[in-house]
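The values are calculated or read from the model by the stated rules, or taken from the named source; none is laboratory data. Given the structure is predicted, the values throughout are model-derived calculations rather than measurements. Ideal geometry is used to build each Cβ from the backbone, glycine not excepted, and the neighbour counts take in all protein chains shown. Accessible surface areas use protein heavy atoms only, side chains included; no ligands, DNA or RNA. Shrake-Rupley method; radii C 1.70, N 1.55, O 1.52, S 1.80 Å.
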Amino acid sequence: MQASTSNGVIAYFVMEVGLSSRIPTYSGGLGILAADTLRAASDLNLPFVGVTLLYRRGYYKQILSPDGKQMEEFEDWDPSEHLIRLPVEVSIELEGRGVRVGAWKMDVRGVSGFPVPLIFLDTNLDANVPEDREITSFLYVDDRVCRLKQEAVLGIGGVRMLEALGYNVRKYHMNEGHTSLVAVELLRRCEMDVEEVKRRCVFTTHTPVQSANDIYPYHLVNSILDGIVPEDVLRKFGGHDALNMTLLGLNLSGFANGVSKRHSGVAKQLYPGHDIKAVTNGVYPYAWVCGSLRALYDRYLPGWSSEPEILSRADLIPDDELWQAHLEAKRDLIDYVNQRASTNLSYEALTIGFARRATGYKRHTLVFSDLGRLKKIGGGGRLQIVMAGKAHRNDIQGKEMIEAAHRCIRELSGHVKAVYLENYDIDLALKMVSGCDLWLNTPLPPYEACGTSGMKAALNGVLNFSVLDGWWIEGCIEGVTGWAIGPPPD
Ligand SMILES: *Cc1c(COP(=O)(O)O)cnc(C)c1O
């Protein structure tokens, strides 16, 4: 069936998209969510188009020394193996010179097969000077100048590209402040008619962590964007003293949301006076169920992949068959771990999984706070731990946390087997969320906006053991879906 696009499409703007381990244009939950959203849009036959950037060198590949020192490698990949180059270019002005922006396309399909186009913008074109060709090289660059240029390519270049490709856009969905320049380009186009811009824009804030929130001094904004709209307009909507991209997105959108009930409450405290609704994230079931469980669901819950509500009847699956399917996933994981790291994890031990971006609030080392007690509880081969996670190139604290985890793992040796795997990616995530027995999550509240990996574990029948933050406040039924760590928030 062809979706009707006569009423216009929904354009979904996002800085990262994580469709597959082989397309390394993602860092974590935001990108995975974007890919899952595009697949869901496919199954719903929505008139939808995604817009993101083409990072030629990806995020980075993580190498860990034996004592847990992180090193980073480029991820050179060949876009032409996955994407189609489109014969169209648009231009934007940055630092007073024209920068050409090209586009690549991929059709994202859910189980229905209905194609949802995803456009990757690329400045690596012969027509650009070398510096500008590098704008879209890396995801989450630290250099503020390059970062703002990326956001200009995505927001301003993205709106122009959709127009050049002939899309009639009904709604612009801006995900996170990285994409807020969409609204600025729209303001310019409709001669500062703010109500018109708000009617067309939707904004989602994805994290309360301040370092993820882009704020630029106006002298930088002026030197790069050079009067795309008058500065007083930017100051009015993006903050008087500096340009706060989240505030800009919130002020220029007719609807805004956070990504769980708890997170929308936290976001409202951070941005008083804004009506920030809650739309709890989800995961795309077909992408996040392992092979053995898929086969079981196909047998007992036919149609589940296109109609995930059917999974609410999972009680129809006999317990022993569910357990056998789980053990198959567990063996896959253990074999994989033993082969990749020089360990000898066992099929029998209770296996705790923990994997997420290694950044302060995720607290990778909390499970190791009392090693004596952990040895007492888990010694004798009763318990084993599998961990993973990358730290951002410049996140010193995150890198130290990985090293600290390695020290604890060494101290546990001879008592509790534990291993930290290199280069957490989509493939490893699926192995871990399906093959562990227990999915551990210990964020520092209220910083876990949602935490979708726990949902992936639940889809595979794996129990969650988590601090009550993000989605888990909504998902925890104590003793049924898993267990809570610590008290509920006030
Ligand atoms: C699901 C996923 C995430 C996000 O999960 P969190 O629970 O928010 O950490 C991050 N990285 C990868 C590779 C994932 O698959």
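Taking R0 as 45 Å, what FRET efficiency do you get between N344 and S211 from their Cβ-Cβ distance, rounded to the nearest 0.05?
0.70
So, R0 is 22 Å and r is the distance between the beta-carbons of K105 and N45; what FRET efficiency does that work out to, to 0.05?
0.70
In terms of the Cα gyration tensor, with a ≥ b ≥ c the square roots of its eigenvalues, is segment 266-344 rounded because a/c is under 1.5, prolate because a/b exceeds b/c, or oblate?
Oblate shape, in that a/c is at least 1.5 and b/c is the bigger or equal ratio.
Along the positive direction of the dipole of segment 101-192 (beta-carbon charges: Lys, Arg +1; Asp, Glu -1; about the Cα centre), which of Q150, N124, H173 reaches farthest?
H173
Which aspartates and glutamates does K376 reach when only Cα atoms under 19 Å apart count, and residues fewer than 8 places away in its own chain are ignored?
Partners found: E348, E411.
Accessible area of segment 181-284 with a 1.4 Å probe: how many percent of it is carbon plus sulfur?
51
What translational D, rounded to a whole number of µm²/s, comes out for the chain from Stokes-Einstein when the hydrodynamic radius is the Kirkwood one over Cα pairs, at 37 °C and 0.692 mPa s?
For the chosen part, D equals 139 µm²/s.
Please report the net charge: other residues with Cβ closer than 15 Å to the Cβ of Y286, K and R +1, D and E -1.
Cβ neighbours under 15 Å give a net charge of -1.
Could you work out [θ]222 nm for the chain from helices alone, using -39500 (n - 2.57) per DSSP H run of at least four and dividing by all its residues? Round to the nearest 500 deg cm²/dmol.
Dividing the helical sum by the residues of the chain leaves -9500 deg cm²/dmol.
Packing-wise, with mean Cβ within 10 Å as the measure, how do 135-142, 28-35 rank, highest first?
Result, highest mean first: 28-35, 135-142.
If you wrap a convex hull around the Cα atoms of segment 1-125, how much volume per residue is inside, in Å³?
142
Ignoring ligands, DNA and RNA, what accessible area per residue does the chain give at 1.4 Å, in Å²?
Accessible area per residue: 42 Å².
Quick check: the distance between the Cα centres of segment 379-399 and segment 200-252, to the nearest angstrom?
If you average the Cα positions of each part, the centres end up 35 Å apart.
For segment 4-96, what is the percent of antiparallel DSSP beta bridges, rounded to the nearest 5?
In segment 4-96, approximately 50 percent of DSSP beta bridges are antiparallel ones.
With a 10 Å radius around each residue's Cβ, average the other Cβ atoms per peptide and rank 277-285, 343-351, 197-205, highest first.
Output ranking for 277-285, 343-351, 197-205: 197-205, 277-285, 343-351.
Which GluC sites (Glu not before Pro) does segment 106-161 hold that lie in a coil by DSSP with at most 14 other beta carbons within 10 Å?
none
Hey, how many Å between the Cα centroid of segment 39-115 and the Cα centroid of segment 444-467?
If we compute the Cα centre of each part, the gap is 27 Å.
Name the residues of segment 51-67 whose amide N is less than 14 Å from a point 7 angstrom out from the Cα of L165 along the C-beta direction?
Answer for this model: 51-54.
Give me the percent of DSSP beta bridges within the chain that run antiparallel, rounded to the nearest 5.
Percent antiparallel among DSSP bridges in the chain is about 35.
Apply 1/(1 + (r/R0)^6) to the Cβ-Cβ distance of E309 and S21, taking R0 = 35 Å, and write down the FRET efficiency to the nearest 0.05.
With R0 = 35 Å, the Cβ-Cβ based efficiency is 0.75.
For segment 409-490, with only Lys/Arg (+1) and Asp/Glu (-1) charged at the beta-carbon, what is the dipole magnitude about the Cα centre, in debye rounded to 20?
260
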